[in-house]
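Everything on this sheet refers to the single structure shown next.
Coordinate-derived values only; no laboratory data. Bear in mind that the values here come from a model prediction, so they are computed numbers and not experimental data. Positions of Cβ are generated from backbone atoms using ideal geometry, with glycine treated the same way; all protein chains shown enter the neighbour counts.
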Amino acid sequence: MNKKRIGGTIYSIIKWVIIWGLAAFELFPLLQLLFNSFRPDIEIKKYPIGFPRTFTLANYMDTWKIGNYGRAFLNSFWVCFWTILITLTVIGLAGYALAKIEFKGRGAFTAYFLMAMAVPAFSHLIPTYYLFNKLGIQNTHLSLILIYSAAGIPFNLMLLRTFLLGIPRELEEAAKVDGCNELSTFLRITLPLSKSMFMTVALLIFLKSWNEFVVANTYVTEDSLRTVSTRFVKFTTEYNNNFGRIFTSGVISMAPVVILFLLLQKRFIEGLTSGGLKG
């Protein structure tokens, strides 16, 4: 009995040491990034790691102004809003059809979207750039919205489809008995029951669109149209001698994502762990 208790205690200690060790490993770079954003550049160069010895907000005021972050935030929110709206509309209707409606070729459509998830994201970069340039929409927010929406549909569609399969058919059949067609059934029954999953998908789309760099930096070169994720480039090229501003640009870019996740983490986890309704 004592051996079992001792073994259980040792296991518990090792488990928590590993958990806290991994947490510290993940948090330390983020915390140091935050600390350095409040330190003068000369202090960072002299003591790269540590707490601020001289606390300053000058980095934030300079970085916000030089990086034109006010405009960049508006650009990013605009792109994210339309990307979320388009993606949710498409996957909502398509996910319902693939999960609830029997039609010829449904399996082929499902397989197509599964295969689309395996295509490397960078493979479309050059041909799409050439196409958009010919269409005259390169260097516009529309190019980002179209690419982000198309890239986000396959995975999020399969995620939503899996959730919708867990909703009992009896609820939808009862609505149809009352005179609802497929669209009415989706809007009145399925959609309200899927709010947590739609919230989760919207958050995933926002995170990906907000943080995406390669496409945004390639397709949009006009400074007034650039998004937040690309602004730090300015501080690693033109202002690369000031580490305080570089660290601050990282904090400014991450802040909305961190705040949004903290506010919606309960809904986010609820959406990922739920699987429709249990009968």
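In this structure, does ILE101 turn out to be in contact (Cβ under 8 Å) with a residue 12 or more places away in the chain, hydrophobic (A, V, I, L, M, F, W, C) and surrounded by 18 or more Cβ atoms within 10 Å (Cβ to Cβ)? Full working, then the answer.
Values: in contact (Cβ under 8 Å) with a residue 12 or more places away in the chain: yes; hydrophobic (A, V, I, L, M, F, W, C): yes; surrounded by 18 or more Cβ atoms within 10 Å (Cβ to Cβ): no.
Considered against the rule, which asks whether it is in contact (Cβ under 8 Å) with a residue 12 or more places away in the chain, hydrophobic (A, V, I, L, M, F, W, C) and surrounded by 18 or more Cβ atoms within 10 Å (Cβ to Cβ), ILE101 comes out as no.
What's the number of the condition ASP178 fails, among (1) without any contact (Cβ under 8 Å) to a residue 40 or more places away in the chain; (2) under 25 Å from ILE126 (Cβ atoms)?
(2)
Pull out all pairs, ordered by first then second residue, where Cβ-Cβ is under 9 Å, the residues are six or more apart or on different chains, the first lies in region 158-170 and is acidic (Asp, Glu), and the second is part of a loop (DSSP other than H, G, I, E, B).
Final answer for the pair search is GLU170/GLY279.
Among what's in region 110-123 and is free of Cβ contacts under 8 Å to residues at least 12 places away in the same chain and of a type outside the set (Gly, Ala, Ser), pick the residue that is nearest to LEU164 (Cα to Cα).
Of region 110-123, the ones free of Cβ contacts under 8 Å to residues at least 12 places away in the same chain are 111-112, 115, 118-120, 123.
Keeping just the survivors that are of a type outside the set (Gly, Ala, Ser) gives 112, 115, 119-120.
Details: TYR112: 19, MET115: 20, VAL119: 25, PRO120: 27 Å.
My answer is TYR112.
Mind counting the residues in region 231-255 that are surrounded by fewer than 22 Cβ atoms within 10 Å (Cβ to Cβ), part of a helix (DSSP H, G or I) and not aliphatic (A, V, I, L, M)?
The total comes to 6.
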